[in-house]
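Throughout, read-outs are computed from the coordinates displayed, never taken from laboratory work. Because the structure is a prediction, the values reported are computed rather than measured. Ideal geometry is used to build each Cβ from the backbone, glycine not excepted, and the neighbour counts take in all protein chains shown.
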Amino acid sequence: MKQKLAAQLFTLRDQVKDDFPGVLRDLKDMGWSGVQISGLFGYSKEEIASVLEETGLRTAGIHAGIDSLRGDLQTVVEEADLFGTKDIVCPYIPEGLRNEESYRAVRSDLNEIARKLRKNGYRISYHNHDFEFETTIDGKSALEYILDPVEENHILAEIDVYWIKKAGYDPLSFIKNYTRRLPIIHLKDMADDDAQSFAEIGTGMITFEPILLWGEQNGIEWYAVEQDECPGDPLKSLQISLNNLHDMIDRLNSKSVR
């Protein structure tokens, strides 16, 4: 399972602007198996692909905004190819599109893209926040509408457990709706404070071991760790999260051999 742990580079968005190659090398030295890419920050895709090859870091999908998916899909696919991934994830819906009509259009457009690309093995997923729960469509939240696990819906889930918790739901119960439709999950902890701050994995309120166990039984291929805001050096926060995840995995492995 440790080989499925990836660092989401949005956590290090300020650092990669200054030295993207150096950040990748630091993450490899830290012990990460992969990274999830959420932008190039002024670097060329060829340069980043070269460093990924050099370090042996694998790509746990790329994030591409809805405008890019609608208007520049070929460039998105070229980046996915160069980075060696078939997973393309829509990470966010701008505030002006958070209404029923726009969510219906997003689902329709993402399905059209998924159908177009699936013959070549690409997968289209949607990454949630908590705002999707503020809109109801056909008797369910906008998130559940977009991710409806029915055969004719080709949009897969990239569930972010922090935002599910923030919306008032139990993350483990929620992800069980997406068995074999959740290739990548976002692991993010919530501090036990009034602000429900972002926290390093294993230091907050979310219980991760049952999520990891379920993931191994139900098709999760990557566990991407993201921390939107860190109290200090984001690399140190990612190191804490990685160490704690390794400890959790060791405990799960110990239990399985008893």
Contact order relative to length for the chain, counting C-alpha pairs under 8 Å separated by 6 or more residues, stands in percent at 18 percent
Which of (1) 44, 40, 38; (2) 54, 42, 42; (3) 61, 50, 34 gives Cα extents along the principal axes in Å as computed here? It is (1)
Computed, not fitted: 222 nm per-residue ellipticity of the chain from DSSP H runs ≥ 4 (each -39500 (n - 2.57)), nearest 500, equal to -13000 deg cm²/dmol
For the chain, the dipole about the Cα centre with charges only on Cβ (Lys and Arg +1, Asp and Glu -1), to the nearest 20 debye, works out at 1000 debye
Reduced to Cα centres, the span from the range 1-31 to the range 201-258 in Å works out to 16 Å
Expected sort for Cys90, Cys230 with the fewest Cβ neighbours (10 Å cutoff) up front is Cys230, Cys90
With the charge dipole of the chain built from beta-carbon charges (+1 for Lys and Arg, -1 for Asp and Glu) about the Cα centre, the Cα from Ser197, Pro183, Gln239 projecting farthest to the positive end belongs to Pro183
Note: the range 45-168 at 25 °C, 0.890 mPa s; Kirkwood Rh on alpha carbon pairs; Stokes-Einstein D in µm²/s works out to 161 µm²/s
Output for the range 139-192: GluC sites (Glu not before Pro) sitting in coil per DSSP, at most 15 other Cβ within 10 Å, listed by number, reads Glu151, Glu152
Of all DSSP beta bridges having both residues in the chain, the percent classed as antiparallel (nearest 5) is 15 percent
Exposure proxy check on Ser44, Ser237: fewest-to-most Cβ neighbours within 10 Å is Ser44, Ser237
Those chymotrypsin sites (Phe, Trp or Tyr not before Pro) from the range 1-90 that are DSSP loop and have at most 11 other Cβ neighbours within 10 Å turn out to be none
Going fewest to most other Cβ atoms within 10 Å around each Cβ, Asp170, Asp26 line up as Asp170, Asp26
Ranking Gly22, Ile164, Gln217 by how far each Cα lies towards the positive end of the charge dipole of the chain (+1 on Lys and Arg Cβ, -1 on Asp and Glu Cβ), the top one is Gln217
Measuring from its Cα centre, the range 156-258 shows a charge dipole (+1 at each Lys and Arg Cβ, -1 at each Asp and Glu Cβ) which, in debye to the nearest 20, is 560 debye
